[in-house]
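Chemist: Mind having a look at this structure? Questions to follow.
The values are calculated or read from the model by the stated rules, or taken from the named source; none is laboratory data. The model shown is predicted, which means the values in this text are computed figures rather than measured ones. Neighbour counts are summed over all protein chains in view; Cβ atoms, including those assigned to glycine, are modelled from backbone coordinates with ideal geometry. For the accessible areas, the whole protein counts, side chains as well, though only heavy atoms, and no ligand, DNA or RNA atoms are used. Shrake-Rupley method; radii C 1.70, N 1.55, O 1.52, S 1.80 Å.
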Amino acid sequence: MRKPRMSTPFSYRHLYYFWVVAKEGGVTRAADRLGMAVQTVSAQVRELERALGHALFKPAGRGLALTEAGRAALHQADQIFQLGETLPTLVREAASTPSLRLAVGISDGLPKMAVRHLLDPIIHAPHLRLLCHDGEFDDLLGELALHRLDMVIADRPAPANPSIKLYSHALGASPIAWYAEASLHAKAKKGFPQSLAEVPVLLPTVHTAVRDRLDHWFDRQGIRPRVVGEFEDSALLKTFGASGMGVFPAAALVDDELRQRWRVRHVGDCAGVEEHFIAITSEKKVQHPLLRQLTQPR
């Protein structure tokens, strides 16, 4: 079939007729199921083929078989219409069960255990439905500007942008400390912080705000660290650190969990370096009741 110019998007009604034909194995059986004339169903499928620019069926004996394009379309249609079948149940449950939805974007460099601490004040709110999305800072701000998120938690304020009005609210800060797995602990502890020039060190990548503070701290101490790994995700940083790959920095706010969950030991403090936690919203005056609770001065 020659591919025409596509002037309008395809119709989901046409896609549904195609789906029924594919499931029933032929136009006649599909027409019986739909209670429509064979010619009408056939015409609807041809309309879909014209819109997509590809033949979806090919002759096979007395019946029809899917083309490669048809198999791809059927795979997508299966997902679309199976989801559609669950819609009445989801709507009914949503209408009968009160919920307070809060969609939060979490910058991928932030320590997730610290974020959980920050959200503690609202975790047990009645009927809370918390949706957490992990991603890159700029991507999350874009989602926030489109009102797909209620708030972004990051390690820096929103940058100035005359086109997008975003507002930053300080949630708090945590001192940074150094931790190590048992096999590295004694060597890292001896002569700390100068020991960080001798032992393997893991760091967050340069896209995090705390990395710049750590680099300045090394400069002030006159230390050239032996960096063996850099990680965008804070959980990965801790995972590799807990495996003994290197000494790593973490927010002291979650010291107890670091020791108990990750089985690491405190090496020393990173004096003067803090991890900052910023809530970013799309409104200067926060309206969402849970956001007001999180951003109010403590």
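Chemist: Out of segment 5-23, which residues are open to solvent by less than 70 Å² (accessible area, probe 1.4 Å) and modelled with pLDDT of 90 or more? Write out each step before concluding.
Modeler: So in segment 5-23, the residues open to solvent by less than 70 Å² (accessible area, probe 1.4 Å) come out as 10-11, 14-15, 17-22.
If the condition is that a residue be open to solvent by less than 70 Å² (accessible area, probe 1.4 Å) and modelled with pLDDT of 90 or more, then 14, 15, 17, 18, 19, 20, 21, 22 are the ones that fit.
Chemist: Among the listed residues 135, 172, identify the single one that is under 17 Å from the mean Cα position of the chain (by Cα) and surrounded by 14 or more Cβ atoms within 10 Å (Cβ to Cβ).
Modeler: Within the list 135, 172, the selection yields 135.
Chemist: Please enumerate the residues belonging to segment 47-73 that are open to solvent by less than 60 Å² (accessible area, probe 1.4 Å), of a type outside the set (A, V, I, L, M) and more than 39 Å from the chain's Cα centre (by Cα).
Modeler: Answer for segment 47-73, where residues must be open to solvent by less than 60 Å² (accessible area, probe 1.4 Å), of a type outside the set (A, V, I, L, M) and more than 39 Å from the chain's Cα centre (by Cα): just 63.
Chemist: Right, next: Kindly indicate the residue of segment 83-102 that is under 15 Å from residue 125 (Cβ atoms) and at pLDDT 80 or above and also most open to solvent (accessible area, probe 1.4 Å) among those meeting that condition.
Modeler: Top of the filtered list is 101.
Chemist: Of these, 195, 163, which one is part of a helix (DSSP H, G or I) and either open to solvent by less than 70 Å² (accessible area, probe 1.4 Å) or over 20 Å from residue 255 (Cβ atoms) (or both)?
Modeler: 195
Chemist: If a residue has to be more than 18 Å from residue 206 (Cβ to Cβ) and either outside the structural domain of residue 119 (by the TED database) or surrounded by 20 or more Cβ atoms within 10 Å (Cβ to Cβ) (or both) to count, how many in segment 138-160 make the cut?
Modeler: 9
This table checks each residue for (1) acidic (Asp, Glu); (2) part of a helix (DSSP H, G or I).
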| residue | (1), (2) |
| --- | --- |
| 16 | no, yes |
| 39 | no, yes |
| 47 | yes, yes |
| 64 | no, no |
| 71 | no, yes |
| 81 | no, yes |
| 109 | no, no |
| 116 | no, yes |
| 125 | no, no |
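Chemist: Please enumerate the residues belonging to segment 256-271 that are open to solvent by 30 Å² or more (accessible area, probe 1.4 Å) and outside any strand (DSSP E or B). Steps first, answer last, please.
Modeler: First pass over segment 256-271, keeping only residues open to solvent by 30 Å² or more (accessible area, probe 1.4 Å): 256-257, 259-263, 265-266, 269, 271.
Listed by number, the residues that qualify are 256, 257, 259, 260, 261, 262, 263.
Chemist: Mind listing just one residue for me: the one in segment 198-209 that is at pLDDT below 95 and closer than 13 Å to residue 111 by Cβ and, of those, surrounded by the most Cβ atoms within 10 Å (Cβ to Cβ)?
Modeler: Applying the filter and picking the extreme gives 208.
Chemist: In this structure, does residue 37 turn out to be over 14 Å from residue 19 (Cα atoms) and loosely packed, with under 13 Cβ neighbours inside 10 Å?
Modeler: So residue 37 fits the description; yes.
Chemist: If you don't mind, another one. Considering only residues of segment 272-294 that are of a type in the set (S, T, N, Q) and surrounded by 19 or more Cβ atoms within 10 Å (Cβ to Cβ), which is modelled with the highest pLDDT?
Modeler: The extreme case among them is 281.
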